[in-house]
Amino acid sequence: MRIADVRVTPIAFRDPPLLNVVGVHEPWALRSIIEVELEDGRVGLGESYGDQDILAHLDQVKGTLVGLSPFDLNGLTRAVYARVGTEPDLAASFKPAGDKTRASVLAAFEVAFLDLQGQVLGLPLYELLGGRVRERVPYSAYLFYKFKQHKDDPGYPADDWGEVLTHDQLVDEARRMVDAYGFGSIKLKAGVFEPDFEIESIRALRRAFPKAPLRIDPNGGWSVETTRRLMPQLSEPGLLEYLEDPVETIPGMGEVAKFSPLPLATNMCTVAFGHIPESIRLNAVQVILSDHHYWGGLRATQQLAMIGRTFGIGISMHSNSHMGISLAAMTHVGATIPNLTYASDTHYPWQEDEVIEGGKLAIEGGCVEPPKGPGLGVTLDRKALARLHQNFLDCGIRKRDDAAEMRKYDPTWSSARPRF
Ligand code: GKR
Ligand code: MG
């Protein structure tokens, strides 16, 4: 059973004007949909980033996969290593600088290969990954401050979440998200306003949701000294579950860890296996938000979780704006990881479009069940794929640039960090 064709289709879907440390989301978020087709017509699916750089790498690799068996994951790795990155040897030690790009390319195809394996064997993907340790995977409500509408008319109606720039509006957003999806944990995307204001938002959330685990993520927007000043507030008893990426680098997180009673989480500094030794040496992170899209795939996510167990580091999952193929993949692997100790992030509630048949996957009681059926358990809605690809062709965005979008509101805007 050999691979006959590989297709990578860039798509663009509606995204609300969500605020973060570097700026504001553009009206269109980019992704790529990967299809790996077997000789018998079965198609394995993957989803990855849609920026031009990654698309160029995916395009470079895809033709070289024709003729491989979908079970030959080392063959896939060799094909990726031959074209992306500087070290073609599969056994070479990971470099301290990490290699996120290569791991991202590998991940995009690995998920599609695994999906095919599941289809060939008639097994759900979580069984191929060792079987599930939980029926349903918990996700957290992902709160953003946001503008009411995009600056330029994107040609579609504004989202119905409205403006969220005050504590009350944020609590309303949280309430709506919790009511709609049953989330038990809540994360605030911070780094937008003065940190004291954002901590006040967290206190408002705590009053409204006395029991929910809360997290704050300023995306490296604070300096070590600012974080030191804020620490007495952040570590008020019962306020936060963890503090995510207050500062940007591994040494910076190591400095914060020296005075932080709170666990420090990251999806920004420890983002590749090559970063693990320094992170451990400096005790820089206590929770790693894994992301199969850049750690190298679903098996790499499991390997990372094992490293987490080894060193007593908690594991969760990170998210960007994404479609249901990514959510299905996250959920299959999340179901198999015993030490997935926190509810994972997902931007999914912010997405109105979908590229899989049957529309959006259900989030109930804050959890997602792995879709039923062999492999990932999702199939492509080809009409939706064509429509979202047309969006990509029309929207003109080829690289995510939240800072440029923010300069439409504030021409003096700079995304330099630390902001505070
Ligand atoms: O979508 O604005 C965003 C987030 O800030 C995203 O870019 C981050 O990668 O979700 C992410 C995070 O947890 O840092
Ligand atoms: Mg983060």
request  = Tell me which residues, restricted to region 26-52, are out of contact with any Pro (no Cβ under 9 Å at 6 or more places or on another chain) and part of a strand (DSSP E or B).
outcome  = A29, I34, E35, E37, V43, L45, G46, E47, S48, Y49
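Report whether or not S185 is polar (S, T, N, Q), modelled with pLDDT of 95 or more, farther than 17 Å from L289 by Cα and outside the structural domain of V24 (by TED's automatic domain parsing). Break it down into steps so the answer makes sense when it comes.
Values: polar (S, T, N, Q): yes; modelled with pLDDT of 95 or more: yes; farther than 17 Å from L289 by Cα: no; outside the structural domain of V24 (by TED's automatic domain parsing): yes.
For S185, the condition - polar (S, T, N, Q), modelled with pLDDT of 95 or more, farther than 17 Å from L289 by Cα and outside the structural domain of V24 (by TED's automatic domain parsing) - is not met.
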request  = Please go through region 368-378 and pick out each residue that is buried (at least 21 other Cβ atoms within 10 Å of the Cβ) and either in a loop (DSSP other than H, G, I, E, B) or in contact with a Lys or Arg (Cβ under 8 Å, 6 or more places away or on another chain) (or both).
outcome  = V368, P370, P371, L376, G377, V378
request  = Could you pull out the residue among F273, F259, F311 that is within 27 Å of G184 (Cβ to Cβ), away from ligand 2 (no atom under 16 Å from the Cβ) and surrounded by fewer than 20 Cβ atoms within 10 Å (Cβ to Cβ)?
outcome  = F311
task = Give the residues of region 204-245 that are in contact (Cβ under 8 Å) with a residue 60 or more places away in the chain and open to solvent by 40 Å² or more (accessible area, probe 1.4 Å), sorted by residue number.
result = P213, E241
inquiry  = I280 - would you say it is open to solvent by 10 Å² or more (accessible area, probe 1.4 Å) and either within 15 Å of ligand 2 (Cβ to nearest atom) or touching a helix residue (DSSP H, G or I) at 6+ places or on another chain (Cβ under 9 Å) (or both)?
reply    = yes
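Go through region 55-67 and give me each residue that's touching a helix residue (DSSP H, G or I) at 6+ places or on another chain (Cβ under 9 Å) and open to solvent by 30 Å² or more (accessible area, probe 1.4 Å). First the steps, then the outcome.
Applying the first criterion (touching a helix residue (DSSP H, G or I) at 6+ places or on another chain (Cβ under 9 Å)) to region 55-67 yields 57-58, 60-62, 64-65.
Selection gives H57, Q60, K62, T64.
Looking only at strands (runs of 3 or more DSSP E) that fall completely inside region 239-307, which ones have 2 or more residues that are under 23 Å from H332 (Cα atoms) and within 16 Å of ligand 1 (Cβ to nearest atom)? Outline the logic, then answer.
Working: elements: 242-244, 264-266, 287-290.
Ranges flagged: 264-266, 287-290.
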message = Which count do you get for residues in region 184-203 that are open to solvent by 10 Å² or more (accessible area, probe 1.4 Å), away from ligand 2 (no atom under 16 Å from the Cβ) and in contact (Cβ under 8 Å) with a residue 24 or more places away in the chain?
response = 6
ask   = Counting only residues that are surrounded by fewer than 19 Cβ atoms within 10 Å (Cβ to Cβ) and touching a Cys at 6+ places or on another chain (Cβ under 9 Å), how many does region 125-152 have?
value = 3
task = Evaluate the following for N391: is it under 18 Å from A29 (Cβ atoms), out of contact with any Lys or Arg (no Cβ under 7 Å at 6 or more places or on another chain) and not in a loop (DSSP other than H, G, I, E, B)?
result = yes
request  = Inspect region 335-347 for any residue being within 19 Å of W28 (Cα to Cα) and either at pLDDT 95 or above or surrounded by fewer than 22 Cβ atoms within 10 Å (Cβ to Cβ) (or both) and give the result as yes or no.
outcome  = yes
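The values are calculated or read from the model by the stated rules, or taken from the named source; none is laboratory data. Computed from a predicted structure; not experimentally measured. Virtual Cβ from ideal backbone geometry, glycine too; neighbours counted across all protein chains shown. In case anyone asks, the SASA skips ligands and DNA or RNA and just uses the protein heavy atoms, side chains included. Shrake-Rupley method; radii C 1.70, N 1.55, O 1.52, S 1.80 Å.
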